[in-house]
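All of the numbers you see were taken from the coordinates with simple rules; none came from a lab. Nothing here was measured: the structure is a model prediction, and the numbers come from that model. Positions of Cβ are backbone-derived with ideal geometry, glycine not excepted, and every protein chain shown enters the neighbour counts.
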Ligand code: OFO
C-alpha cells in the first residue's frame with residue numbers, strides 16, 4: 001500500500017531550519033551578553049539597543065519554531081554555549097555585531113537556496129521575511145560603525161557615540177533614507 005506523506009516539509013529542510021533556530025538563539029544570547037557588558041561600562045544607550053536587539057532575535061527564533069511545528073516538523077530548543085562575555089571596546093562590540101549579522105545572512109541564503117533547489121516553495125516564501133530582515137540588520141550594524149568614524153572616539157566622542165547608537169532602533173531602513181521614524 002502506498003503511504004501518503006502527511007507533510008510537505010522534508011527532513012533535510014527541517015534540519016536546516018533547526019540549525020537556523022540555533023543560530024537565532026545564539027544571536028539572542030550574544031546580544032544579551034553584549035548588552036550586559038555595555039551596561040557595566042556605562043554605555044547605557046548601547047546597552048538598551050542591544051537588550052532590544054536580543055529580544056528581537058528571540059522573536060526570530062520563535063517565528064522559526066512556529067513554522068517548523070505548524071509544517072509538521074519538530075522545532076528543537078537549542079543548546080547555546082560559548083558566549084563571549086568581555087570585549088575590549090565599544091567599537092569591538094559593534095564590529096562583532098556586523099560580522100555576526102553577515103554570517104546569519106549567509107546562513108539564511110543557503111537555506112533559501114536549498115528550498116528553491118528542492119522546490120519547497122512554501123518555506124522559500126516564508127524565508128523571504130528573514131531575507132529582508134537581514135538586509136535591515138546588516139545596514140543598522142554598518143551604521144553603528146559609521147557613527148564611530150564620523151564622531152571619532154577622542155574626548156567626549158564615546159559619550160556621543162553611545163547616545164547616537166541608542167537612536168538606531170528608530171531608523172527606518174526600509175524607507176532607504178536613514179531618517180528617524182516619527183515617534
Ligand atoms: Fe535574526 O536577525 Fe540578526 O541575527
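Tabulated results
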{"item": "Three-way shape label, region 125-165, alpha-carbon gyration tensor, a/c 1.5", "result": "prolate"}
{"item": "222 nm mean residue ellipticity, helices alone, for the chain (DSSP H n ≥ 4; -39,500 (n - 2.57); rounded to 500)", "result": "-24500 deg cm²/dmol"}
{"item": "Ranking of 60, 109, 45 by count of other Cβ atoms within 10 Å, fewest first", "result": "109, 45, 60"}
{"item": "Distance (nanometres) between label positions extended 7 Å along Cα→Cβ at residue 89 and residue 8", "result": "5.1"}
{"item": "Tilt relative to the chain, helix 11-40 - C-alpha long axis, 0 to 90 degrees, to 10", "result": "20"}
{"item": "Helix 44-70 axis, angle to the chain major axis (alpha carbon atoms, nearest 10°)", "result": "0"}
{"item": "For region 97-154, diffusion coefficient by Stokes-Einstein and Kirkwood Rh (Cα), 10 °C, 1.306 mPa s, µm²/s", "result": "125"}
{"item": "Residues 68, 131, 112 arranged by fewest to most Cβ contacts within 10 Å", "result": "131, 112, 68"}
{"item": "Mean separation of Cα contacts under 8 Å, 6 or more apart, over the residue count of region 1-146: relative contact order %", "result": "27"}
{"item": "In degrees, nearest ten, helix 90-117 long axis to first principal axis of the chain (Cα)", "result": "20"}
{"item": "Prolate/oblate/rounded call for the chain, Cα gyration tensor, a/c under 1.5 rounded", "result": "prolate"}
